[in-house]
Structures are given as structure tokens and as C-alpha cells.
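Chemist: One structure is given below, represented as C-alpha cells, and several questions about it will come after.
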Amino acid sequence: MNFHDQHTIITGGSSGIGRAAARLLTRRGAHVSIVARRQGPLDETLAELEPLRGSQSQRLRAYSADLADWEQTRQAIAALTTDGPPPDILVNSAGVTHPGYFEELPLDIFHTMMDVDFFGTLHPIKAVLPVMMERRSGHIVNISSMAGFMGVFGYTAYSAAKFAVRGFSDVLRAEMKPYGIRVSVVFPPDTDTPQLRYENQFKPLETRRIAGTAKTLTADQVAQAIVRGIEQRRAYILPGFDAWLYSLLLNGFVGLTRWYFDRIVAQVRRERGVE
Ligand SMILES: NC(=O)c1ccc[n+]([C@@H]2O[C@H](COP(=O)([O-])OP(=O)(O)OC[C@H]3O[C@@H](n4cnc5c(N)ncnc54)[C@H](OP(=O)(O)O)[C@@H]3O)[C@@H](O)[C@H]2O)c1
């Protein structure tokens, strides 16, 4: 796939996986817009992207917004798309985590995980989708986690939010298919980023041991898997061998049910006379 002139909006593009994806897509000629809360890391990232762009017409932009807040998200997407190219690709990488024993985790943590990891994924999609539906094209990539398809000890708050991202993405993929819009969901293992360094302070020993069964990847490796997954139009993007193996064990027949249900949807749409 040619990313040249494709407008890619990357939430959480100022750090970790999102920042690595921003670097990769800038090198591939995309217009790149990044969204996160803190202005400092946004500015640093833009400065890092600047020398990577191929021409002055390639747009690089940053916008500060809290994506857990719908109004801020709506304004961010409007600001990034009104006087520039429409959104072609949305990568939802903004996310937070906080592991711990359930009985010790305060309720606030559960609300924050849902607000940022789930609603912070849903809000940008709500904002870009009308344009994508009108143009009948687009690709949405949501970053879940391996903890988003298997419950991992210590992640009651995070797994619940990342399962929500996965369930939401599965349904959205089926509903957007008739509009020519693709939806992918990414399931990375532990990845060496500021998020991993933050959560390592709180990880119960049991969580560490389980996490140790999958190899830690670099942010660049995950970003490369994401870009490859977009090119190959994959519904599930599984960075690294371990994510692939665990997904095979747990989701082995998901492709078959996806295919079967998509056929039913296509048949019903023909009966309803909608294309
Ligand atoms: N690292 C891992 O081991 C791992 C494994 C599996 C899945 N993941 C998932 O991969 C995604 C990227 O993680 P990462 O490791 O790259 O994390 P990271 O380095 O901590 O980056 C997170 C990004 O999200 C932004 N962000 C956080 N809360 C936000 C909010 N409310 N509104 C807007 N932006 C917000 C942060 O910027 P500000 O703080 O300035 O807002 C930052 O740019 C996350 O969804 C994460 O859950 C990570």
C-alpha cells in the first residue's frame, strides 16, 4: 500500500508505539497528525518527525487534547481535518494502564481505564467516521493488548478496558465493511515504552511471571507490525510470535465466524436493498 499523501491521525502519537508509528508513516510519505495531552512531548515528536519528511507539502501536525473528553476530541479532529486533507487512517494508540491486585485497586483506576482506553478510542472514531462514511473509504486501527483477548492476573482494570476495545472493534469492523472502511485491532505483548516502565512499578509478582512467557518487543517492532497489518488489510494484527501463538490458541476459529457472519450481513443488506 502506498501511504503517500494519506492523512494518518495517530492518537498517543507523542510516545511509545504511537510515536514509532508516526516516524514510520512520515518516512513512508503520509501526512501525519498526532494527538495527546501534553504539549511538550507533542512538540518534541514533531521536531523528531520534521527531518524525516520527504517534501514540504507533507503535513505534520500536533494537537493537544484529552481523548477521554468527547468535546476536546471533536475539536481536535475538526482542527486537524478542516483546512487539510480528510482523514484516511486513524491509529488509536493513546492508552494507560495500572496493574495491581483487584482488592487493592481503587475504583478510580477502573474508571480511568475505561475513560481513556475505551472511550479514548471510541471518541476519535465517532469524530472521523462521518467523513470516512461519506467518502466510503478509510482504515481505523485500535490498539488493544494481549491482555485484551486473555485475562491476565493483575489486570482486572486494564484487561476489562482492552477487552472492550476488542469487542467494539470486532463489531465496528462488521458494520463498516459495507462502507469500504476497514477496522483492525492490534494485540501487542509487553513493549518497551514509557507505559511499560510506569506499570512495572506496580506489577504483582504473578503478573511479572506471566508476562515473562512472552518476549518484550520494541515500539519500532510493534509499529512495523501495525503498518504491515494495514497493508495486508488484517482484522487482527498480532505483533511477534507469542501474540500470534496465544491468539491461535484462544481465537483459532474467529476468522471462520467472521466470514460466516459477514455473509449473513451481506445477504440481509441485499434483501433490504442497501448497498
Ligand atoms: N507498552 C506495552 O507493553 C503495551 C502492551 C500492549 C498494549 N499497549 C497499548 O499500546 C498503546 C500505546 O502504549 P505505549 O506503551 O506506547 O504507551 P506510552 O508510551 O505511555 O504512550 C501513551 C500515549 O497516549 C497518550 N495519552 C494517554 N492518555 C491520554 C488521554 N487521556 N488523551 C490523549 N492522549 C493520551 C500519552 O500522551 P499524554 O500523556 O501526553 O496524553 C502518550 O502519547 C496503549 O493503548 C497501550 O495500552 C502497550
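Chemist: I'm trying to understand the selection: among the residues of segment 115-140, which are among the aliphatic types (A, V, I, L, M) and within 11 Å of the ligand (Cβ to nearest atom)? Explain how you work it out, then say what you get.
Modeler: Step one: filter segment 115-140 for residues among the aliphatic types (A, V, I, L, M), giving 116, 122, 125, 127-129, 131-133, 140.
Of everything in segment 115-140, just one residue is among the aliphatic types (A, V, I, L, M) and within 11 Å of the ligand (Cβ to nearest atom), namely VAL116.
Chemist: Okay, moving on. Having 1 or more residues that are of a type in the set (Phe, Trp, Tyr) is the bar; report the strands (runs of 3 or more DSSP E) wholly within segment 18-112 that clear it. Show your work before the answer.
Modeler: On the way: elements: 31-36, 60-64, 89-92.
Ranges flagged: 60-64.
Chemist: Out of segment 148-186, which residues are in a helix (DSSP H, G or I), out of contact with any strand residue (DSSP E or B) (no Cβ under 7 Å at 6 or more places or on another chain) and of a type in the set (Ser, Thr, Tyr)?
Modeler: Within segment 148-186, THR156, TYR158, SER159, TYR179 qualify.
Chemist: Could you grab the pairs with beta carbons closer than 7 Å, sequence gap of 6+ or different chains, first residue in segment 10-35 and without any contact (Cβ under 8 Å) to a residue 12 or more places away in the chain, second one more than 13 Å from the ligand (Cβ to nearest atom) and in a helix (DSSP H, G or I)?
Modeler: Here the result reads none, with nothing in segment 10-35 linked to a residue that is more than 13 Å from the ligand (Cβ to nearest atom) and in a helix (DSSP H, G or I).
Chemist: Oh, and also: Among the residues of segment 43-74, write down those that are within 18 Å of the chain's Cα centre (by Cα) and of a type in the set (A, V, I, L, M, F, W, C).
Modeler: ALA62, ALA65, LEU67, ALA68, TRP70
Chemist: From the set of residues in segment 204-227 that are β-branched (Val, Ile, Thr) and under 15 Å from ASP242 (Cα atoms), which is surrounded by the fewest Cβ atoms within 10 Å (Cβ to Cβ)? Even if it seems obvious, please write down each step before you answer.
Modeler: Going through segment 204-227, the residues β-branched (Val, Ile, Thr) turn out to be 207, 210, 213, 216, 218, 222, 226-227.
Those left that are additionally under 15 Å from ASP242 (Cα atoms): 210, 213, 216, 218, 222.
Numbers: ILE210: 17, THR213: 9, THR216: 16, THR218: 14, VAL222: 27.
Filtering first and then ranking leaves THR213.
Chemist: How many of the residues making up segment 71-108 are surrounded by 19 or more Cβ atoms within 10 Å (Cβ to Cβ), within 14 Å of the ligand (Cβ to nearest atom) and either over 19 Å from VAL152 (Cα atoms) or among the hydrophobic types (A, V, I, L, M, F, W, C) (or both)?
Modeler: 10
Chemist: Can you find a residue that is within 16 Å of the ligand (Cβ to nearest atom), within 23 Å of GLY95 (Cα to Cα), out of contact with any Ser or Thr (no Cβ under 9 Å at 6 or more places or on another chain) and free of Cβ contacts under 8 Å to residues at least 40 places away in the same chain anywhere in segment 169-181?
Modeler: Initially, segment 169-181 is screened for residues within 16 Å of the ligand (Cβ to nearest atom), giving 169.
So of that shortlist, the ones also within 23 Å of GLY95 (Cα to Cα) come out as 169.
The next check asks that each one be out of contact with any Ser or Thr (no Cβ under 9 Å at 6 or more places or on another chain); those that pass are none.
The answer is no, given that none of the residues of segment 169-181 is within 16 Å of the ligand (Cβ to nearest atom), within 23 Å of GLY95 (Cα to Cα), out of contact with any Ser or Thr (no Cβ under 9 Å at 6 or more places or on another chain) and free of Cβ contacts under 8 Å to residues at least 40 places away in the same chain.
Chemist: What pairs come up if the first residue lies in segment 114-126 and is part of a helix (DSSP H, G or I), the second is surrounded by fewer than 21 Cβ atoms within 10 Å (Cβ to Cβ) and among the β-branched types (Val, Ile, Thr), and their beta carbons are under 8 Å apart, counting only those six or more places apart or on different chains?
Modeler: VAL116/VAL96; ASP117/VAL96
Chemist: Which of the residues spanning segment 204-223 are away from the ligand (no atom under 11 Å from the Cβ) and over 19 Å from ALA20 (Cα atoms)? It would help to see each step written out before you state the result.
Modeler: Start the filter on segment 204-223 by keeping residues that are away from the ligand (no atom under 11 Å from the Cβ), which leaves 204-210, 212-213, 215, 220-221.
Hits for segment 204-223 are PRO204, LEU205, GLU206, THR207, ARG208, ARG209, ILE210, GLY212, THR213.
Chemist: Inspect segment 36-58 for any residue being among the hydrophobic types (A, V, I, L, M, F, W, C), buried (at least 17 other Cβ atoms within 10 Å of the Cβ), under 30 Å from GLU206 (Cα atoms) and within 16 Å of the ligand (Cβ to nearest atom) and give the result as yes or no.
Modeler: No, every residue in segment 36-58 fails to be among the hydrophobic types (A, V, I, L, M, F, W, C), buried (at least 17 other Cβ atoms within 10 Å of the Cβ), under 30 Å from GLU206 (Cα atoms) and within 16 Å of the ligand (Cβ to nearest atom).
Chemist: Pull out all pairs, ordered by first then second residue, where Cβ-Cβ is under 6 Å, the residues are six or more apart or on different chains, the first lies in segment 210-238 and is touching a residue at least 24 places away in the same chain (Cβ under 8 Å) and over 16 Å from ASN200 (Cα atoms), and the second is within 12 Å of the ligand (Cβ to nearest atom) and of a type in the set (S, T, N, Q).
Modeler: Note: pairs meeting the criteria are ALA219/THR191; ALA219/THR193; VAL222/THR191.
Chemist: Yes or no: ASP88 at pLDDT below 95 and not basic (Lys, Arg)?
Modeler: Values: at pLDDT below 95: no; not basic (Lys, Arg): yes.
No: the conditions fail for ASP88.
The values are calculated or read from the model by the stated rules, or taken from the named source; none is laboratory data. Note that the structure is predicted; figures quoted are calculated from it, not measured. We place every Cβ from the backbone using ideal geometry, glycine too, and count neighbours over all the protein chains shown.
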